[in-house]
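Below: the structure, in structure tokens.
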Amino acid sequence: MLTSCVILHIILIQARKKAKKEKKKKLKKESKKKSKSKEESFNNKETETSSSSSIKDDEVPSSTTSVWKSFTDAPFTKSVQDALVEAGYSEPSSIQSHAWPVAISGKDLIGMY
């Protein structure tokens, strides 16, 4: 009787070990699938991002609004415009004249000067 209990116990232990190994394999597979899916998603986003246009110097894509060559072109209040002139700024920098219209239109913007 004792021998059959020991054998049954050994069988149960082996079954648990086997189930544990299978569970690990399954989790590892799922993890690889998720990782691969995340990588593909990232690569797709990277491709979309890299295909976007950029503004260089005086080049402005037609999708953007006008370039502001002076502070009076910008929709700033008179007091802000006066303060800029009083501070010694005669006109917006190149990046400001291109970026401000895009930013005010509500689009996302990354500017590099």
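Quick look at the values:
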| read-out | value |
| --- | --- |
| Stretch gain in nm, segment Lys29-Val85, where the contour uses 0.36 nm per residue and the Cα spacing is subtracted | 13.8 nm |
| Modelled FRET efficiency - R0 41 Å, Lys38 with Ile13, Cβ distances, 0.05 increments | 0.65 |
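All of the numbers you see were taken from the coordinates with simple rules; none came from a lab. In this text the structure is predicted, and so the values were computed from the model without any measurement. Note that we place each Cβ from the backbone using ideal geometry, even for glycine, and neighbour counts take in every protein chain shown.
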